[in-house]
Amino acid sequence: MSDFDSPTSTACPSPIKDLHVVAAVIHFQGKILAAKRLAGGPSGLKWEFPGGKVEAGEVPQQALAREIHEELGIEIRVRREIGTFSTVIGDRQIHLQCFHYIAETTLVNLVAHSEVVWCPPSRLRDFDWALPDIPVLDVIIGSPQDNGL
């Protein structure tokens with residue numbers, strides 16, 4: 001009898017699934033938009049930089065403009081890429097590709113978030129962020145050690 005036939009053996013762990021998403025760090029007059037996720041679902045009630053999945057045939061910047069328009073009703077203009085950050089949560093490895101954007105409009109229509117805040121960068125760490133967004137904070141405002149936190 002092999003270990004695999006034994007009733008006490010455990011199955012091989014399921015493989016990690018890659019999930020590629022995009023997010024926008026949206027600036028307007030020295031402030032950055034933070035969005036609180038709806039209750040339920042992954043990272044419910046956590047704060048994030050808004051974004052979503054890239055659809056077939058889209059480049060990341062197009063996907064972000066579409067997602068931000070659908071979820072918040074605002075128009076944005078890309079500035080530059082920040083980077084891609086990977087975080088393992090459960091059986092998923094989330095690859096979050098982030099870009100700096102400028103808001104063309106600031107009146108928000110909440111569809112996929114419970115609230116949003118236009119916040120000075122120095123106050124962003126006051127929020128309870130979703131895990132994939134924390135490395136983005138470290139890049140755009142410095143690590144907690146850099147800020148004396």
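Could you tell me which residue of the range 107-130 is nearest to residue 51 (Cα to Cα), considering only residues that are loosely packed, with under 15 Cβ neighbours inside 10 Å and of a type outside the set (D, E, K, R)?
Among those that are loosely packed, with under 15 Cβ neighbours inside 10 Å and of a type outside the set (D, E, K, R), it is 112.
What residue, among those in the range 127-138 that are over 12 Å from residue 32 (Cβ atoms) and part of a helix (DSSP H, G or I), is farthest from the chain's Cα centre (by Cα)?
Restricting attention to the range 127-138, the residues satisfying the condition of being over 12 Å from residue 32 (Cβ atoms) are 128-132, 134-135, 138.
Add one more test, that the residue is part of a helix (DSSP H, G or I), and what stays is 131-132, 134-135, 138.
Working: 131: 8, 132: 6, 134: 9, 135: 10, 138: 13 Å.
Filtering the range 127-138 for residues that are over 12 Å from residue 32 (Cβ atoms) and part of a helix (DSSP H, G or I), the one farthest from the chain's Cα centre (by Cα) comes out as 138.
Could you say which residue among 51, 41 is of a type outside the set (S, T, N, Q) and at pLDDT below 90?
Numbers: 51 fails: at pLDDT below 90.
Criteria check complete, one pass: 41.
Find the strands (runs of 3 or more DSSP E) located wholly in the range 63-119 whose residues include 2 or more that are touching a residue at least 40 places away in the same chain (Cβ under 8 Å) and under 13 Å from the mean Cα position of the chain (by Cα), and list them.
On the way: elements: 76-89, 92-103, 113-119.
Of the strands (runs of 3 or more DSSP E) lying wholly inside the range 63-119, those with at least 2 residues that are touching a residue at least 40 places away in the same chain (Cβ under 8 Å) and under 13 Å from the mean Cα position of the chain (by Cα) span 76-89, 92-103.
For residues in the range 86-101 being surrounded by 13 or more Cβ atoms within 10 Å (Cβ to Cβ) and β-branched (Val, Ile, Thr), which is farthest from residue 50 (Cα to Cα)?
Among those residues, the one meeting the criterion is 89.
Tell me, which residue of the range 52-62 that is of a type in the set (D, E, K, R) and in a loop (DSSP other than H, G, I, E, B) is nearest to the chain's Cα centre (by Cα)? Can you show your working first?
Restricting attention to the range 52-62, the residues satisfying the condition of being of a type in the set (D, E, K, R) are 53, 55, 58.
If we keep only those that are in a loop (DSSP other than H, G, I, E, B) too, we end up with 55, 58.
Values: 55: 16, 58: 18 Å.
This residue is 55.
The values are calculated or read from the model by the stated rules, or taken from the named source; none is laboratory data. Keep in mind the model is a prediction, meaning the values are calculated, not measured. So basically every Cβ, Gly included, is an ideal-geometry build from the backbone, and we count neighbours across all protein chains shown.
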